[in-house]
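The values are calculated or read from the model by the stated rules, or taken from the named source; none is laboratory data. Computed from a predicted model, the values in this text were never measured in an experiment. Methodologically, a virtual Cβ is constructed for each residue, glycine included, from the backbone with ideal geometry; neighbour enumeration extends over all protein chains shown. Each accessible area value is taken on the protein alone, full model and side chains, heavy atoms only, with ligands, DNA and RNA left out. Shrake-Rupley method; radii C 1.70, N 1.55, O 1.52, S 1.80 Å.
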Amino acid sequence: MKSQQTMKPATAAKKLGVYLEATPEEFRAGLVSRDELNELQANPPEWLRELRRNGPHPKQLIAQKLGISTSGLVRAGITEALTTDQINAIKEENPDWLVRERETYKEFRAEEARLAEKARLEDESQ
């Protein structure tokens, strides 16, 4: 019989795109099986739908929603999880640091794409 693959709650929270500290105690207390994770993804309970909708959200998701890198969040002094309302307030305010970080991130992504294309062309020419 094949043993059930399990993961730590932190890993499961990351795969679910939620902030671990905001999950219910029973989720944080034990291991999560692959089947349990699949069930949470397929049929999210109310607590998971609520977290995804309103947060608080993990850094990666905050950065994605703001269109910047996680490093940009740190440079802006944002180290805590934020709710959807807090993220929307930052977007509406559109502070100077957000404008700068979006530009920096855009340049980074363009350079990443340029290097990937260069590598692809080099591979094709060999």
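Of all residues in the stretch 67-87, those being open to solvent by less than 30 Å² (accessible area, probe 1.4 Å) and within 20 Å of E50 (Cα to Cα) number 4. Taking the criterion of being open to solvent by 30 Å² or more (accessible area, probe 1.4 Å) and part of a strand (DSSP E or B), the only residue of the stretch 1-43 that qualifies is T6. Selection of the stretch 75-87 for residues being of a type outside the set (S, T, N, Q) and at pLDDT 95 or above yields L82, D85, I87.
Among the residues of the stretch 62-74, those identified as more than 13 Å from E103 (Cβ to Cβ) and out of contact with any Ser or Thr (no Cβ under 6 Å at 6 or more places or on another chain) are I62, Q64, K65, T70, S71, L73, V74.
In this structure, I90 does satisfy being modelled with pLDDT of 95 or more, open to solvent by less than 40 Å² (accessible area, probe 1.4 Å) and β-branched (V, I, T).
Within the stretch 44-66, the set of residues being assigned to a helix (DSSP H, G or I) and open to solvent by less than 30 Å² (accessible area, probe 1.4 Å) comprises L48, L51, I62, A63, L66.
For the stretch 104-126, the tally of residues that are surrounded by 13 or more Cβ atoms within 10 Å (Cβ to Cβ) and not hydrophobic (A, V, I, L, M, F, W, C) stands at 2.
R100 meets the conditions (1) free of Cβ contacts under 8 Å to residues at least 60 places away in the same chain; (2) touching a Gly at 6+ places or on another chain (Cβ under 9 Å); (3) open to solvent by less than 80 Å² (accessible area, probe 1.4 Å) in every case but one. The failed one is (3).
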